[in-house]
1. Report, by chain and number, residues whose modeled amide H sits under 5 Å from the one on residue 3, excluding near sequence neighbours (fewer than 5 apart, same chain).
2. Percent of Cα-Cα pairs more than 33 Å apart in the chain, please.
3. If we count every other residue with Cβ under 15 angstrom of residue 121's Cβ, Lys/Arg +1 and Asp/Glu -1, where does the sum land?
4. Grab the other residues whose beta carbon is less than 9 angstrom from that of residue 97, score K and R as +1, D and E as -1, and report the net.
5. Bin width 5 Å, origin at 0, all Cα-Cα pairs of the range 155-225: what percent of pairs per bin?
6. Given bins 5 angstrom wide, list per bin the percent of all Cα-Cα distances in the range 106-225, short to long.
7. Write down the percent of antiparallel bridges among all DSSP beta bridges whose residues are both part of the range 5-113, to the nearest 5.
8. Name the long-range amide H neighbours of residue 139: under 5 Å, sequence gap of 5 or more, or other chain; modelled H, no Pro or chain starts.
Amino acid sequence: MLRLDIITVLPEMLETPLNCSILKRAQEKGLVQIHLHNLRDYSTDKRHRRVDDYPFGGQAGMVLQCEPVDRAIASLKRQRAYDEVIYTSPDGETFNQSVANQLSMGENLIILCGRYKGVDYRIREHLITREISIGDYVLTGGELAAAVIADAIVRIIPGAVGDEQSALSDSFQDRLLAPPVYTRPADYKGWKVPDVLLSGHEANIREWELRQAVERTERLRPDLL
Ligand code: ADE
């Protein structure tokens, strides 16, 4: 079973997104365990539970200190071995379906969420094994990135999505965008569903879907081909 340990100064930012719908069900079914750890619990500053300090060099902003992060990671590593210690940061490798597929095959993963100006660079040099960005834009912290990564990883665990075929036929899973989908009614205000989908002819339907997928990928995301 996959286990995700997420270290953050804002666990409340992750509680709801990681406990709804498919992610909630996957945890209830025992397909994944997701544990949130408040970095402040690892502060040695009992009074203010401080975990950040001013950067050397005089720049603006605050930096997460080595000690609480080291203590949090060490405490987890004492309990089990981890495949990766991931740090969410805009300067990491760009997250995509292939990275999600790789990570979902792991057993134990730590995700450290960046905040403020980031974490003391020595943590990245000595403890982090993989740095991941969810895109070329800057968020207020790594929590939403961690939620995106966790969501993408968990939904492809076999059994997480009700219809097994469904997660495999997504856009990107085969480097093609998904074909259009329709549901009842077949005619809404004169807006019609393509005839082939109503034909009941399985082979023609699959062929139409593949042609649509290729045509949409060529037109919208030629870089994927
Ligand atoms: N933290 C801030 N921006 C981020 C991004 N784009 N990806 C991952 N972590 C981040």
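1. Counting only residues 5 or more places away or on other chains, the set is 33, 108, 109.
2. 31
3. Its environment carries a net charge of -4.
4. Within the 9 Å Cβ shell, the charges total 0.
5. 3, 15, 19, 19, 20, 17, 6, 1, 0
6. The percentages, shortest bin first, are 2, 8, 12, 14, 15, 14, 10, 9, 7, 4, 3, 2, 0.
7. About 15 percent, rounded to the nearest 5.
8. For residue 139, no residues qualify.
Each value in this text was obtained by applying a stated rule to the coordinates, not by laboratory testing. Everything quoted here is computed from the prediction, not taken from an experiment. When we count neighbours, we look across all protein chains shown, and the Cβ atoms used for this are built from the backbone with ideal geometry, even at glycine.
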